[in-house]
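Read the structure below first, then the notes.
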Amino acid sequence: MTYCVGMVLDKGLVLMSDTRTNSGVDNISTFRKLFHWSVPGERIIAVMTAGNLATTQAVISQLEERTKAPGERENCLLKGATMFQVATEMGRILRGSIDEVQRANGDNGKGRFTATMIVAGQIKGMQPRLFMIYPEGNFIEASWDTPFFQIGETKYGRPILIRGYERTMTFENAVKLLMVSFDSTLKANLSVGLPLDLLVIGKDEFSVTHAHRVTEDDAYFDSISSGWGNALRAAFHSLPPYRFSGDA
């Protein structure tokens with residue numbers, strides 16, 4: 001399992017992912033799930049992945065190869081005219097990778113090698129855009145009605161995002177909100193774990209504004225975790241008490 005979030009703000013894009021993969025409680029590993037590519041002054045594109053590790057690594061490897069050998073196949077990352085075209089080609093690559101692995105495994109592979117991706121970025125002259133790509137290769141785009149996407153273990157961190165998100169918030173507050181969302185997910189599900197990867201992309205910068213890996217000894221994340229727990233307990237005790245019928 002995993003947990004990844006991509007968020008659109010007036011100021012740009014914020015992305016965060018965990019790094020845990022597991023095939024049972026005795027086989028837990030750490031793998032990066034957040035990747036980015038950029039052409040300074042022209043474009044920046046980031047991808048987060050969730051699902052079968054072999055499938056997601058196959059997709060990322062294909063994307064990497066196309067950036068290093070742009071003449072052999074259409075390079076959607078560096079040459080796609082719009083983010084829509086980038087998302088369309090990434091959907092084809094994801095669908096093709098899933099089909100290839102499933103064919104190699106026959107009936108045993110059905111349903112086991114699916115994956116989902118979040119694609120975010122900006123191309124010069126256009127607005128920052130955020131997409132969620134499904135295993136079938138189709139996708140949806142974020143809007144101000146749906147300004148963030150989650151993939152993986154989404155249910156524990158979603159209420160935090162719904163209550164706390166504001167499109168005008170600063171990058172710093174957006175990162176704080178994501179850390180609370182991830183802390184709530186980590187507390188509830190052992191299949192999501194540290195380190196966490198953070199990427200901030202400022203509008204019209206076409207480069208990484210801020211990148212950070214949150215490890216187990218990260219003092220700020222520790223303060224967020226303990227502070228949020230204390231704040232929840234304080235809020236709970238400040239609520240009006242429930243009284244049984246007939247009590248004075």
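Derivation of every value follows stated rules applied to the coordinates shown; laboratory data play no part. Please read these numbers as outputs of a predicted model, since none were measured by experiment. In this analysis, Cβ positions are derived from the backbone assuming ideal geometry, glycine residues included, and neighbour counts consider all displayed protein chains.
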(request) Considering Cα pairs under 8 angstrom that are at least six residues apart, work out the relative contact order of segment 3-238 and quote it in whole percent. (result) 28 percent
(request) Scan the chain and hand back the longest stretch that contains none of the chymotrypsin sites (Phe, Trp or Tyr not before Pro) lying in DSSP loops with at most 15 other Cβ atoms within 10 Å. (result) 32-143
(request) Please give, to one decimal in nm, the separation of the simple spin-label points placed at Arg103 and Asn22, each 7 Å out from Cα toward the Cβ. (result) 3.5 nm
(request) Two decimals is fine: what's Rg over Rh for segment 3-238, C-alpha atoms, Kirkwood radius as Rh? (result) 0.98
(request) Quick one: which residues, 5 or more positions from Gly193 or on another chain, have an amide H under 5 Å from its amide H? H modelled 1.01 Å from N in the peptide plane, none for Pro or chain starts. (result) Thr19, Arg20
(message) So if I restrict to the alpha-carbon atoms in segment 161-215, what is the Rg, and what is Dmax, the biggest pairwise distance, in Å?
(response) 12.7, 38
(message) Restricting to DSSP loop positions (anything but H, G, I, E, B) with no more than 16 other Cβ atoms inside 10 Å of their own Cβ, which GluC sites (Glu not before Pro) remain in segment 1-100?
(response) Glu42, Glu72, Glu74
(request) Rank the residues Leu94, Leu77, Leu232 as a footprinting-exposure proxy: fewest other Cβ atoms within 10 Å of their Cβ go first. (result) Leu232, Leu77, Leu94
(request) Just rank Ser225, Ser143, fewest to most, by other beta-carbon atoms within 10 angstrom. (result) Ser143, Ser225
(message) I need the calculated FRET efficiency for the pair Arg112 and Lys155, taking r as the beta carbon distance and R₀ as 22 Å, to the nearest 0.05.
(response) 0.50
(request) Give the order of Thr56, Thr215, Thr209 when sorted by the count of other beta carbons within 10 angstrom, beginning with the fewest. (result) Thr215, Thr209, Thr56
(request) Work out the length of the dipole vector of the chain about its Cα centre, built from +1 on the beta-carbon of each Lys and Arg and -1 on the beta-carbon of each Asp and Glu, and round it to the nearest 20 debye. (result) 300 debye
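How long is the gain from Asp204 to Ala219 if the chain were fully straight, where each residue apart is worth 0.36 nm and the alpha carbon distance is subtracted?
Full extension from Asp204 to Ala219 adds 2.3 nm.
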(request) May I ask you to compute the full-extension gain from Asn173 to Phe31, defined as 0.36 nm times their residue separation minus their alpha-carbon distance, rounded to one decimal in nm? (result) 48.4 nm
(message) Could you tell me the calculated FRET efficiency between Ile162 and Lys187, based on Cβ-Cβ distance and R0 = 22 angstrom, to the nearest 0.05?
(response) 0.75
(request) Would you mind calculating the gained length between Lys79 and Ala234 on full extension (0.36 nm times residue separation, minus the Cα-Cα distance), in nm to one decimal? (result) 50.6 nm
(message) Ignoring everything except DSSP H segments at least 4 long, calculate the 222 nm mean residue ellipticity for the chain; use -39,500 (n - 2.57) per segment, divide by total residues, nearest 500.
(response) -11500 deg cm²/dmol
